[in-house]
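The values are calculated or read from the model by the stated rules, or taken from the named source; none is laboratory data. It should be emphasised that the depicted structure is a prediction, and the values quoted were computed from it without experimental measurement. Because the Cβ atoms are built from the backbone with ideal geometry, glycine has one as well, and the counts that use them run over all protein chains shown.
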Amino acid sequence: MKLMKYLLPVAVATLGLGATLLAHDGEGTEEYGSVKEARQRDSEALRDYVRSKRAITVKEKGGNLVISGDIRMEYYYMHARTDGKSQRGMKSRKLYPNSSIKKAARETKGLPRRKILTDLRAPYKTSEFDIETNLIFDYMADRGWGTVQLQLSNLAGIVEMDRKPYINDSRNIMYGSGKIDKIALRKAYFGYNIWEEGTSRFDLEIGRRRLYDIFESDIQYYSYFDGILARFSNSFEGITDLSAKVAAFVVDQTVNHYGYIGELGFLNIGDSGLDVKYSLVHWDKKGENRYGKRHPYGVRFINSQLFAGYSFSPDVVSMKTYLYGAYVINHDAKRNKFTRNRKANDAFYVGVKMGEVLRKGDYAFGFGYQWIQAQSISDRDISGIYRDNPRGISFYNRRSGGYGNCKGWRIEGLYAVSDNWTLNAHFDRVRELNRHIGGKHRSYEFYLAAIFAF
């Protein structure tokens, strides 16, 4: 294992070099980006590592206020082809719809269309550099608590200019890609312990975070959860640790559209290391959406997920090892024109995680495989490994759009260079699941980040 501590940094660097060489082979200039970046989700190992740094106490607040965070420099290299068309790089300038073309058309009324299309098409990037910081405040009271996380994530480069027709829309101008104002309220919630006796506990929490911060899944629960959560837990020694959660959240307040979710978990069953969880999320709304459409296809999702995981005993595997998998089904899916009269409502994933990162020299790595049918998970809630879709086209506008109807794998690693510095990398490949529904799709992504956590 000591040899692995020295080999892992070399492996991370080699992975980066290999991805770069792969990207410059053949189709190397047309690739994958900011929509993918915006949907990026940290690995569990990285989230655990960042959480371990949340221990700086401000004594002036009586020892109850804890400040933590991280600073990141991230690099992505991305490639995608759908139905033989490059979705990234200079060739992607020919794709339509292209947001820069539409914006230019509005701002340059009267200008010949040929000139608009020639001068103002912008490609979708293949390489992306991102500067990000997360600042987290945790406050603990006697029976209450609150958490706020501010996430500032900006693209690198000199500051991008606002395009002004006839003023700064010349081909000869030096443009930039940098942003300085991308701020998100990543978390803002507070909780209260209503009842506690022995190992039993009942809590109530209200506010914002991601669904996957609360509920278990590698392929869904990406959406923001703005709502109320009730949580009950109890420990039955030698039998299981019980966890039960129910929640309601806002989907679209303009038309009173709300979602509902619950999860029941049995952890470390019989002290064997086996975990089992069942969850159900209800997105469906039978009434009209904000455009007057009754029961649109995009909300027809009532998803069950059955999850199982197993922690190996240190006597069997010396490194911390967790094997897991889950099956998802959308009970509300029906055959329709978008799926060519097929029912495509299943999904599953399997994976393994090894190692734990807490201090200098620690490392962790993992491998995962995901299989997602077109109707199994909402485009708005899909997570993990999925189709590259830089234009954000819905599956219900174009079958080759969306983020589902795919299968793929990912390998990832995390290494602690020091107690605060880590290197995080992953590489994934994705292809279509059913070409008769959404056509051919091939994509890959390489990600490398240097992270300073405090």
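Taking segment 398-418 as the range and being at pLDDT 95 or above and among the charged types (D, E, K, R) as the test, the residues that pass are K407, R410, E412. Within segment 395-441, can you find the residues that are outside any strand (DSSP E or B) and among the charged types (D, E, K, R)? Of everything in segment 395-441, those that are outside any strand (DSSP E or B) and among the charged types (D, E, K, R) turn out to be R398, R399, D419, R435, K440.
Out of segment 358-391, which residues are among the hydrophobic types (A, V, I, L, M, F, W, C) and either at pLDDT below 95 or closer than 30 Å to V299 by Cα (or both)?
Initial filter on segment 358-391 (among the hydrophobic types (A, V, I, L, M, F, W, C)): 358, 364-365, 367, 371-372, 374, 377, 382, 385.
Within segment 358-391, L358, W371, I372, A374, I377, I382, I385 qualify.
F202 meets the stated requirement of being in a strand (DSSP E or B) and touching a residue at least 24 places away in the same chain (Cβ under 8 Å). Within segment 351-360, does at least one residue satisfy the condition of being in contact with a Gly (Cβ under 9 Å, 6 or more places away or on another chain), free of Cβ contacts under 8 Å to residues at least 40 places away in the same chain and not in a loop (DSSP other than H, G, I, E, B)? Looking for residues that are in contact with a Gly (Cβ under 9 Å, 6 or more places away or on another chain), free of Cβ contacts under 8 Å to residues at least 40 places away in the same chain and not in a loop (DSSP other than H, G, I, E, B), one finds at least one in segment 351-360, hence yes. Suppose the filter is over 16 Å from the mean Cα position of the chain (by Cα) and farther than 18 Å from S43 by Cα; does G392 pass it? So G392 fails the test. Scanning segment 257-278 for residues that are closer than 15 Å to F232 by Cα, crowded, with 17+ Cβ neighbours inside 10 Å and touching a Phe, Trp or Tyr at 6+ places or on another chain (Cβ under 6 Å) returns E263, K277. Among all positions in segment 206-216, there is at least one residue which is in contact with a strand residue (DSSP E or B) (Cβ under 6 Å, 6 or more places away or on another chain), among the hydrophobic types (A, V, I, L, M, F, W, C), within 29 Å of S43 (Cβ to Cβ) and not in a loop (DSSP other than H, G, I, E, B).
Identify, please: which residue in segment 361-385 is of a type in the set (S, T, Y) and touching a residue at least 60 places away in the same chain (Cβ under 8 Å) and is, among those, nearest to D419 (Cα to Cα)?
Y363
How many of the residues making up segment 413-454 are under 18 Å from the mean Cα position of the chain (by Cα) and of a type in the set (A, V, I, L, M)? The qualifying residues number 6.
When the criteria are applied in full, G402 meets the requirement of being out of contact with any strand residue (DSSP E or B) (no Cβ under 6 Å at 6 or more places or on another chain) and crowded, with 20+ Cβ neighbours inside 10 Å.
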